[in-house]
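Data block below; observations after.
What follows draws every value from the coordinates through simple rules; no lab data is involved. Values in this document were obtained by computation on a predicted structure and should not be read as measured data. Backbone-built Cβ (ideal geometry, glycine too); neighbour counts: all protein chains shown.
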Amino acid sequence: MRKPKKGKRKLKTNRAAAKRFKVTASGKVKRGHSMKRHILTKKSAGRKRKLRHSALVDPADAPNIRRMLLA
C-alpha cells in the first residue's frame, strides 16, 4: 500500500463558475445575461438584442468569482 503524499493538495476550479464566467486580459470578470432562454415572444426585439452581449460582473462580486475560478 502506498503512503499518502505530504504537502498541499491541488485546488480544483468550481466547474459551475467556469462555465458561466471568463476572466478578461485586464483581469475583469465577464458574464452573460440571463432571461434569454425561453418565453421570448413577449420580450421586445431591442431587449433581446441587448441581452445578447456580455457584461462585466459587479466589482463587489468579482473577488469571490475569481476565487472560484482560481484566476
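Here are some notes:
- For the stretch 1-54, the tally of residues that are among the hydrophobic types (A, V, I, L, M, F, W, C) and more than 16 Å from L70 (Cβ to Cβ) stands at 7.
- When the stretch 12-63 is filtered for residues that are among the polar types (S, T, N, Q) and free of Cβ contacts under 8 Å to residues at least 40 places away in the same chain, the ones remaining, listed by number, are T24, S26, S34, T41, S44, S54.
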